[in-house]
1. Divide by every residue of chain B the summed helix terms, -39500 (n - 2.57) for each DSSP H run of at least 4, and state the resulting mean residue ellipticity at 222 nm, rounded to the nearest 500 deg cm²/dmol.
2. For the range A:200-208, just list the computed ³J(HN,Hα) in residue order, Karplus coefficients 6.51, -1.76 and 1.60, θ = phi - 60°, integers in Hz, with x standing in for Gly and Pro.
3. Arrange the following residues from fewest to most other Cβ atoms within 10 Å of their Cβ: A:188, A:47, B:111.
4. Sum up the charges of everything whose Cβ sits under 12 Å from the Cβ of residue B:104, counting Lys and Arg as +1 and Asp and Glu as -1, but leave residue B:104 out.
5. Apply the Karplus parameterisation 6.51 cos²θ - 1.76 cosθ + 1.60, with θ equal to phi minus 60°, to every residue of the range A:64-74 and state each ³J(HN,Hα) to the nearest whole Hz, in sequence, with x for glycine and proline.
6. Out of the range A:20-88, which trypsin sites (Lys or Arg not before Pro) are coil in DSSP terms and have no more than 12 other C-beta atoms within 10 Å?
7. Which of A:207, A:1 comes first, and how do the rest follow, when ranked by fewest Cβ neighbours within 10 Å?
8. May I ask you to report, in nm to one decimal and beginning with the shortest, the distances from residue A:91 to the same position in the other copies, taking label points 7 Å along Cα-to-Cβ?
Protein chains: 2
Amino acid sequence: MNKGAIDYSLYLVTDRDLLGTKDLGATVEEAIKGGATLVQIREKNLSTLEFFQLAGEIKVITQKHGVPFIVNDRVDIALAVDADGVHIGQEDMPLPVARKLLGPAKVIGVSVSTFEQALLAQQEGADYLGIGAVFPTATKGDADSVSLEELREIKARIRVPVVAIGGINKNNIHSVMTTGVDGAAVVSAIVACADPYEAALHLRRVMKV
Amino acid sequence: MNKGAIDYSLYLVTDRDLLGTKDLGATVEEAIKGGATLVQIREKNLSTLEFFQLAGEIKVITQKHGVPFIVNDRVDIALAVDADGVHIGQEDMPLPVARKLLGPAKVIGVSVSTFEQALLAQQEGADYLGIGAVFPTATKGDADSVSLEELREIKARIRVPVVAIGGINKNNIHSVMTTGVDGAAVVSAIVACADPYEAALHLRRVMKV
């Protein structure tokens, strides 16, 4: 995987609690067919064994479609399934430590909600930033909020790719993309939909700026 | 660290929820001074950052005293703080995967509760086994139980060191050691005591067979 060539535009984050009766693997595959360009597995309340097994399943699907696969938080799981990288939050492993374990070839994304955090992560070698929450969200109750204007300002002053996250859906994704960010991360806007393929396809259509 | 020379006899497992007003690091250090021969950090409900930081603190203490330091479950934390190894349960990363990530020099212990699990773990290269729960315990509510007779039988048929775990305290540790096991793992019998040094010292005295 060429880190510089990654398409961050429609960044899917999983949450099996929002699937209803759907299967996670099938949902991810449909989303990719509909236009998701990157997949991050973010699952809480799983044993390490369950997370490892689920990550292995999703890795097979992303690999089949040539889409980068990122593991949330768990560097060990990322190493175990040879994922393309990890996404770490401010409460996860420090970036320099994660980099040491993963090496220079893997992607490391970092969640930030201020310019200062963004700059630090960039200086420490983050490959991309997840910035949010741009809208209120049920999946991350305690997330700090970032207005679209703040998002635009951070993006303008940061060199690495920026992905907006938090409550992004078909009704607001266009406004997010007008800030100049490289991508929008969605959870429920795909995972919670009855037809993830159509949901992704629709998001791709309306996000164009 | 020479894996073959590890003294498993009084194996301390941490649980900060049982500390009361005591400090975890101080408790571990007092326990080592009293005779604990190995320390496993096993802490749930911590963020990865908190677990990493706490593991780093405990590592410094164990290293100072020349006592092996094992991390429960999290291979990434073990790698990040350069612990001596990990302890994995049946719901954690599969042993062959953990071994691949940690390499041959690190210690990998595996929790088992049957002879079949013990044999498999040994065949897969476990350095030691934790067998239990030998007595009912509050810290692991759903643990499978293993009688002292079963413990004796498993120990007799297994080559790698065996550590008994589960509800072991000053009143029953001697009976555990008469089964021929290489060590006894304790949690509350040290961590929950007002004086961890005296608790460890007393356990060492009464465990002798």
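Coordinate-derived values only; no laboratory data. If you're wondering where the values come from, they're calculated on a predicted model, not measured in any experiment. Quick reminder, even Gly has a Cβ in these numbers, built from the backbone with ideal geometry, and neighbours come from all protein chains shown.
1. -11500 deg cm²/dmol
2. 5, 4, 5, 4, 4, 5, 7, 7, 4
3. The most exposed by this proxy come first: A:47, A:188, B:111.
4. Spelling it out: positives minus negatives among the neighbours equals +3.
5. These are the phi-based 3J(HN,Hα) values: 4, 9, x, 10, x, 10, 10, 9, 6, 6, 8 Hz.
6. For trypsin sites (Lys or Arg not before Pro) across the range A:20-88 that sit outside H, G, I, E and B with at most 12 neighbouring Cβ atoms in 10 Å, the list reads A:44.
7. Ordered from fewest to most neighbouring Cβ atoms within 10 Å, A:207, A:1 come out as A:1, A:207.
8. Residue A:91 label point versus its equivalents elsewhere: 2.0 nm.
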